[in-house]
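Asks: Let me begin by handing over the structure; questions about it come next.
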Amino acid sequence: MTRSRSVTRSNPSMRLTDEQIAAEATRRLAWDTAVPPNTLQVKVSHGRITLLGVLQHNEQRAAALEDVSRLFGVTGVSDHAIIKAKLP
């Protein structure tokens, strides 16, 4: 007896819309305490996420990229966030 399992990732009915990906990415960023609230804007086009905004530390950027890069349906991430440290 032979078992076979086929997984098709390019099935259009299984793909998330850009709006669904953007909503999930925004939700994940909101839950991550390493990323300050309301600092990043998420745009999605054809599964590719673009992050826009201003952060204070590279660690925040790394956390944000980790949050969104592994989401189902994401084909890539463009990081356009700017790091601006607050002056004392």
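Asks: For the range 36-88, name all the residues that are within 13 Å of the chain's Cα centre (by Cα) and without any contact (Cβ under 8 Å) to a residue 24 or more places away in the chain.
Replies: 41, 43, 61, 62, 65, 66, 69, 70
Residue-wise test of (1) of a type in the set (Val, Ile, Thr); (2) surrounded by 14 or more Cβ atoms within 10 Å (Cβ to Cβ); (3) modelled with pLDDT under 95; (4) on the phi > 0 side of the Ramachandran plot.
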{"position": "25", "(1), (2), (3), (4)": "no, yes, no, no"}
{"position": "31", "(1), (2), (3), (4)": "no, no, no, no"}
{"position": "46", "(1), (2), (3), (4)": "no, no, no, yes"}
{"position": "70", "(1), (2), (3), (4)": "no, no, yes, no"}
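The values are calculated or read from the model by the stated rules, or taken from the named source; none is laboratory data. Note that the structure is a prediction, hence the values are computed from the model and not measured. FYI the Cβ positions are ideal-geometry reconstructions off the backbone, even for glycines, and counts take in every protein chain you see.
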